[in-house]
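First comes the structure, then the notes that go with it.
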Amino acid sequence: MIKILGISGSPRRGATDHSVRQALEAAASVPGVETRFISLAGKTIKPCVQCDYCRRNKKLCRIKDDMAGFYESILWADAYIIGSPVYNMTISGPLQTFFNRWRPLHHVYKGVLDGRVGGAIAVGGSRNGGQELTASALVHMFLSRGMVVVGGGGFDCYGGAYVVSHDRLAKGAQEDEIGMDSVRRLGLRVAQLAAWIKAGRGDEPVVVPEPPPSEPEDGRVAP
Ligand SMILES: Cc1cc2nc3c(=O)[nH]c(=O)nc-3n(C[C@H](O)[C@H](O)[C@H](O)COP(=O)(O)O)c2cc1C
């Protein structure tokens, strides 16, 4: 199976949520693809404070919040389709905080994200509101983790899928025909590239993380 995780980085269930789900639906039309979806809406994810607990102890983050429940899905996936609303011409604050909390993955399972596939979706209220910059921030996040980036395969979505919602939630996104077309093409391309890479690599066992410890082991109080 090719496992694709869709992530919506909006703090609400709206246009980004809808766009990521559309991309996942397209990806799931490829035989052998299995998908999961997570939304940051309603989740509490505290910022990384670089306490280095993960680096020193080779354990997942000790901060107690909703992030603990996401690590298993992040590790499960072969590929990611990540959508962000455009906030001030870049990704949302919650999504940036979420990415910062991926740091333990590197320290606990070194190289675990190498060669995994990433596709970016940026959803702005305005037609030219910063979608390319937002997708670029996502692409650079993928690159910083050693991942392989895929765009939509050309026309209208070189660096990812760009959607305009006119601030009208899922309905607004759905009415952007070009945006929805690029979202679906991105979903298919992510599935295709992930399948090629997996065929070349073979089916490696899934790495399952240990649950984070309930208390820090060096006597300090968890942040
Ligand atoms: C704090 C904030 C900043 C925003 N900045 C931009 C922006 O720079 N460019 C833009 O096109 N839309 C901007 N928007 C509008 C959102 O990107 C747009 O409504 C988007 O569709 C929201 O996605 P959602 O429905 O998934 O939450 C901003 C919205 C908020 C709340």
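Spatially close Lys pairs in the chain, defined by Cα atoms under 17 Å apart and a spacing of eight or more places or different chains, total 5. Under the convention that each Lys and Arg Cβ holds +1 and each Asp and Glu Cβ holds -1, the size of the dipole of segment 2-201 around its Cα centre is about 960 debye.
Compared with the alpha-carbon gap, the fully stretched path from Asp181 to Tyr109 is longer by 22.3 nm at 0.36 nm per residue.
Can you give the net charge of the other residues whose Cβ lies under 14 Å from the Cβ of Arg184, counting K and R as +1 and D and E as -1? If you can, show how the numbers build up before the last one.
Working: positive: Arg21, Arg185, Arg189; negative: Glu25, Asp156, Asp176, Glu177, Asp181.
Result for the neighbourhood of Arg184: -2.
Solvent-accessible area of the chain (1.4 angstrom probe, protein heavy atoms only): carbon and sulfur portion equals 53 percent.
Summarised in one figure, the compactness ratio Rg/Rh of the chain, Cα atoms and Kirkwood Rh, is 0.98. Report summary: the helix-based calculation at 222 nm, which adds -39500 (n - 2.57) for every DSSP H run with n ≥ 4 and divides by the residues of the chain, gives -11500 deg cm²/dmol.
Between helix 131-144 and the chain there is an angle of about 40 degrees, using the helix long axis and the longest principal axis of the Cα atoms. Computed from Cα atoms, the angle from the helix 15-28 axis to the main principal axis of the chain rounds to 90 degrees.
For segment 13-82, build the convex hull from the C-alpha positions and give me its volume per residue in Å³.
Measuring per residue, one finds 100 Å³ for the Cα hull of segment 13-82.
For the chain, take the longest principal axis of its alpha carbons; what is the angle in degrees between that and the long axis of helix 177-201, to the nearest 10 within 0 to 90? Between the helix axis and the principal axis of the chain, the angle is about 50 degrees. Other residues whose C-beta falls under 11 angstrom from the C-beta of Gly42 contribute a net charge of +2, scoring Lys and Arg +1 and Asp and Glu -1.
Dipole of segment 2-201 (Lys/Arg Cβ +1, Asp/Glu Cβ -1, origin at the Cα centre): which of Cys61, Gly153, Ile7 lies farthest to the positive side? The residue sitting farthest along the positive end of the dipole is Cys61.
Between amide H atoms placed 1.01 Å from N, distances below 5 Å from Val149 occur with Gly118, all of them 5 or more places distant or on a separate chain. From most to least packed by mean Cβ count within 10 Å, the peptides 124-130, 136-142 give 136-142, 124-130. The residues of the chain expose on average 46 square angstrom of accessible surface per residue, using a 1.4 Å probe on protein heavy atoms.
The values are calculated or read from the model by the stated rules, or taken from the named source; none is laboratory data. Being a predicted model, the structure only gives us computed values, none of them experimental. Note that each Cβ is placed from the backbone with ideal geometry, even for glycine, and that neighbours are counted across all protein chains shown. Heavy atoms of the whole protein, side chains included, go into the accessibility calculation; ligands, DNA and RNA do not. Shrake-Rupley method; radii C 1.70, N 1.55, O 1.52, S 1.80 Å.
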